[in-house]
Amino acid sequence: MAQYFEVHPVNPQPRLLGQAADLLRQGEVLAVPTDSSYALVCQLDDKAAVDHLRRIRGVDDKHLLTLICKDLSELASYARVDNRQFRLLKQATPGPYTFVLPASKEVPRRISHPQRKTIGLRVPEHPVIRGLLDILGAPLLASTLILPGEEDPVSDPEEIRERLDHELGAVIDAGTVPIKPTTVLDLTSMDGGGDATVLRAGQGSLQALGLGG
């Protein structure tokens, strides 16, 4: 049975986030709020937890999961980033953007794209996930909480608990969050002087980054 943590959406209680962090360290998968939807998260280096997250989502190992980092210093440890890419990342973070970047050697093969050797990375703005990342001191692997056969994320934390009560270690309830997905930008196309490629126009503003659209 999943534990249920009701936290303040702006000033989440450190004690509750600490309990949630302990569950992640024990190999659990959690449902947490982000600035673009609720997401499933687990520890990066826990293969069993990663496999369980994929089973909940109904996706195989070809589905690219996202690494959620608290800041750009963490992000740079898992992706190869040049100066142009870094300037764009600095402009867009924290915020509702996901970036596809060349994976560094630090990234386990099971979570990078098997053919392209890329990884999806993001630095969210929501205080709850940022607080959780700060306590953990390490990034988390994440996937939008969309259940098999459905198109939209589950946005009600009580519904998440009801539907996934026996699959999750905990649900962190911070109330409603936007359910519009992140804007996804492929920055690998910037290698050699190209421009970022918009893979999905979502919540993050393209105009704010000078990308039009």
* Which Cα, out of 157, 69, 177, lies furthest along the positive dipole direction of the chain (beta carbon charges, K/R +1, D/E -1)? -> 69
* About the Cα centre of the chain, how large is the charge dipole given +1 on each Lys and Arg Cβ and -1 on each Asp and Glu Cβ? Please answer in debye to the nearest 20. => 840
* To one decimal place, what Kirkwood hydrodynamic radius in Å is obtained for region 144-213 from all pairs of distinct Cα atoms? -> 14.7
* At a Cα cut-off below 18 Å, give the lysines reachable from residue 90, other chains included and same-chain residues fewer than 8 away excluded. => 70
* Of 24, 40, 199, which has the largest mean-square fluctuation in a 10 Å C-alpha GNM of the chain? -> 199
* Structure fact -> With Rg from the Cα atoms and Rh as the Kirkwood inverse mean 1/r over Cα pairs, region 3-209 has an Rg/Rh of 0.94
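Laboratory data are not the source of any read-out in this text; all were calculated from the coordinates shown. No experiment lies behind these values; they were computed from the predicted model shown. Cβ: placed from backbone, ideal geometry, glycine included. Neighbour counts: every protein chain shown.
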